[in-house]
Amino acid sequence: MQFERKKRIAVLTSGGDAPGMNAAIRAVVRNSIWHGAEVVGVLRGYDGLLAGDFIPLDHKSVGGIILYGGTLLQTARCDKFFTSEGVKQGYDRLKAFGVDALVVIGGDGSFHGAEKLAALGMQVIGVPATIDKDMGGTFTTIGFDTACNTARECVRKLRDTASSHDRMFIVEVMGRNAGFLALETAVACGAEYVLVPEIETDFDELCERLRSSKSSGKNHAIVILAEGVMSASQLADKLRTMDCGYDPKITVLGHLQRGGSPTSYDVVLATRLADIAVEAIFRGETNVMTGLMHNEIITCPISDAWEKKAPLDMELFNMIEKLSR
Ligand code: ADP
Ligand code: F6P
């Protein structure tokens, strides 16, 4: 009599951690077990994959993690995975460990690595997670909503000092080369101005706006700066030399934006995206990612993550000018 071996599904998190990654891991584990599969976690992204750092995951291993930021599996950036030898070594590790399918939770960089594993024959599904929201194939990514809320809360506190002291604050937010996080934060906290890498800043106009809002009685200002434009200290120096009407103070939010308990939105999003990733495995799909489109979870080619990136929302950008005066 022959027994069929259980399907073995591996899951890893890669790139920058994003709040909601734990909820995604939990959904992968629990839905895989629901389907009768067994699950292994790969520690520290592709770094751990190359080292063969696998751990068994069961129902209990993911108990109580749903509301925590960071990632139970830890994450990393792995230079060796950029090479074909690195990818082959990763593939061999998965095969040697009896892995039938891999779920990669991460951003578009991590998905590039995933696509290369798929090209060697591994069944791979991507789950989009990054605070930057700089990915195609999905309306939004796990962690973005939490990061916006965190940044908004920080700005809310800064406003107290800004208005009490008639000051201007430059708040530098993350986002790598994209301005999504900066733009949404700016709208969500009613900032006076936002600088994003996608749109060239007219510094004369920025100074004029600051001066005219001051002369019309508004004595403080919040300027949100995406890190992809320049550093907050560079911007402060520039505005000082241009005499914008303020001596700018700077705050760099940095990794504060990546931590903390995920919002309900991110937990639900992560749970849905990861649950459908497992469904996709059992439908036999590979080299795909899950994504949120028109409030439905879909699967699409993993390359959509970098080939179909959405542009910045210009309507939102223009709204700031209209509403912040
Ligand atoms: P994210 O996944 O959040 O975009 P990174 O761009 O830092 O984060 O990528 C995470 C990791 O994914 C990298 O350190 C590397 O190991 C892997 N990776 C990124 N780009 C590629 C690529 N072109 N080929 C193979 N692996 C890649
Ligand atoms: O991709 C997420 C992100 O937080 C970016 O916004 C930022 O530029 C980068 O990672 C920072 O990376 P690290 O944590 O390695 O400094």
- Message: Check the chain for me: any Cys whose beta-carbon has no other cysteine beta-carbon within less than 4.7 Å?
- Response: C78, C148, C154, C189, C300
- Under a 1.4 Å probe, what is the accessible area of the chain per residue, stated in Å²? 44
- All other residues with a Cβ under 9 Å from the Cβ of M122 taken together, and with Lys, Arg as +1 and Asp, Glu as -1, what is their net charge? 0
- Item | Sequence of D266, D166 when ordered by accessible area, the most exposed leading, probe 1.4 angstrom | D166, D266
- One finds the C-alpha centres of segment 239-259 and segment 101-137 to be spaced, in Å, by 34
- Item | Estimated FRET transfer efficiency when R0 is 41 angstrom, pair E85-E315 (beta carbons, to 0.05) | 0.30
- Kirkwood hydrodynamic radius (Cα pairs, Å) of segment 232-285? 15.3
- Ratio for the chain, C-alpha Rg to 2.2 N^0.38 Å, reads 1.11
- Surface share of carbon and sulfur [accessible, 1.4 angstrom probe, percent] for segment 184-294: 52
- Query: Based on DSSP H runs of at least 4 residues, each adding -39500 (n - 2.57), what is the mean residue ellipticity at 222 nm of the chain after dividing by all its residues, to the nearest 500 deg cm²/dmol?
  - Reply: -12500 deg cm²/dmol
- Task: Give the shape of segment 1-148 as rounded, prolate or oblate, defined through the alpha-carbon gyration tensor: a ≥ b ≥ c are the square roots of its eigenvalues, a/c under 1.5 means rounded, and otherwise the shape is prolate if a/b is larger than b/c and oblate if not.
- Result: oblate
- If segment 162-231 were replaced by its equivalent ellipsoid, with semi-axes equal to the square roots of 5 times the Cα gyration tensor eigenvalues, what would those be, largest first, whole Å? 22, 13, 9
- Message: What is the percent carbon and sulfur in the accessible area of segment 1-131, measuring with a 1.4 Å probe over the protein chains and ignoring ligands?
- Response: 54
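The values are calculated or read from the model by the stated rules, or taken from the named source; none is laboratory data. Everything numeric in this text was worked out from a predicted model, so none of it was measured. Note: ideal-geometry Cβ built from the backbone for every residue, glycine included; neighbour counts use all protein chains shown. For the accessible areas, the whole protein counts, side chains as well, though only heavy atoms, and no ligand, DNA or RNA atoms are used. Shrake-Rupley method; radii C 1.70, N 1.55, O 1.52, S 1.80 Å.
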